[in-house]
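For reference, the structure is listed below as structure tokens.
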């Protein structure tokens, strides 16, 4: 989960409910709410907690948990944290263990810019790293860092249906676009509707908008969310 969240609020209950529809998943959550409180130095905890989480996962893999079936997901600062975990597992095992997939949902931008001392999630942190951007340049990172990056509605605020922000006094409305990333993910997981999050490759949002419809009718598409695959073209962009 993200900054100031807990396992009982917002993203985690929504994702648990979505995975319950699938019925063939074990869903494990990491309780680190005491580290993500507003009065903590939030940027310090990924480095502090990463070795312990990585060691715990390595023990599980050594005990028989199939690493090829393990999928690590994080939102916001959790979306950066999962990158730290993935690369630390690689480092601790001298590259003999690499996570199959990491998904980062609008990874945090404050503290993780190109001028920061904090490393951002990258395509090297797992065999396949997919990133969904929904609030670029505000709470979410605007950088292409995954094996595949998706940018719904340009990847920026305001996402459709989100109210105007009041950044002077933060409330849930201010996080609407940032939180939309895990809501998109949950919808892809639950798979309750025939419509999917279809994506096409483009270099920019304006390029996507100016292409003729015939271009998209004749070019291969891909999907955003749980069904994304490492076999897809690098740096897909999604707009709808």
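Taking residue 75 as meeting all but one of (1) in contact (Cβ under 8 Å) with a residue 60 or more places away in the chain; (2) in contact with a helix residue (DSSP H, G or I) (Cβ under 8 Å, 6 or more places away or on another chain); (3) surrounded by fewer than 23 Cβ atoms within 10 Å (Cβ to Cβ), write down the number of the exception.
With (1) in contact (Cβ under 8 Å) with a residue 60 or more places away in the chain; (2) in contact with a helix residue (DSSP H, G or I) (Cβ under 8 Å, 6 or more places away or on another chain); (3) surrounded by fewer than 23 Cβ atoms within 10 Å (Cβ to Cβ) applied to residue 75, the lone miss is (3).
Kindly provide the set of residues from region 45-72 that are assigned to a helix (DSSP H, G or I) and free of Cβ contacts under 8 Å to residues at least 12 places away in the same chain, ordered by number. Walk me through how you get there before you give the answer.
Pass one, region 45-72, residues assigned to a helix (DSSP H, G or I): 45-62, 67-69.
The answer is 52, 56, 59, 60, 62.
Mind checking which residues of region 93-111 are in a loop (DSSP other than H, G, I, E, B), crowded, with 23+ Cβ neighbours inside 10 Å and in contact (Cβ under 8 Å) with a residue 60 or more places away in the chain?
106, the sole residue that qualifies.
Filter region 19-38 down to the residues that are touching a residue at least 40 places away in the same chain (Cβ under 8 Å) and surrounded by fewer than 13 Cβ atoms within 10 Å (Cβ to Cβ), then identify the one that is nearest to residue 226 (Cα to Cα).
So, considering only residues that are touching a residue at least 40 places away in the same chain (Cβ under 8 Å) and surrounded by fewer than 13 Cβ atoms within 10 Å (Cβ to Cβ), the one nearest to residue 226 (Cα to Cα) is 22.
Only one of these conditions is not met by residue 2: (1) farther than 30 Å from residue 176 by Cα; (2) touching a helix residue (DSSP H, G or I) at 6+ places or on another chain (Cβ under 9 Å). Which number is it?
Residue 2 satisfies all of (1) farther than 30 Å from residue 176 by Cα; (2) touching a helix residue (DSSP H, G or I) at 6+ places or on another chain (Cβ under 9 Å) except (1).
Please go through region 183-205 and pick out each residue that is within 18 Å of residue 142 (Cβ to Cβ) and at pLDDT 90 or above.
184 - this is the single residue of region 183-205 that is within 18 Å of residue 142 (Cβ to Cβ) and at pLDDT 90 or above.
Which members of region 1-51 meet the condition of being over 23 Å from residue 185 (Cβ atoms) and at pLDDT 80 or above? Lay out the reasoning, then the answer.
Going residue by residue through region 1-51, those that are over 23 Å from residue 185 (Cβ atoms) are 34, 37-41, 43-44, 47-48, 51.
34, 47, 48, 51, listed by residue number.
Among the helices (runs of 4 or more DSSP H) confined wholly to region 128-238, which include 1 or more residues that are on the phi < 0 side of the Ramachandran plot and touching a strand residue (DSSP E or B) at 6+ places or on another chain (Cβ under 6 Å)? Steps first, answer last, please.
Values: elements: 176-190, 205-210, 213-218.
The helices (runs of 4 or more DSSP H) meeting that bar are 176-190, 213-218.
Given the conditions (1) under 22 Å from residue 179 (Cα atoms); (2) touching a helix residue (DSSP H, G or I) at 6+ places or on another chain (Cβ under 8 Å), report the number of the one that residue 89 does not fulfil.
Residue 89 satisfies every listed condition except (1).
The values are calculated or read from the model by the stated rules, or taken from the named source; none is laboratory data. Predicted model, so just to flag it, every value in this text is computed and none were measured. Neighbour counts run over all protein chains shown; Cβ positions are idealised from the backbone, glycine included.
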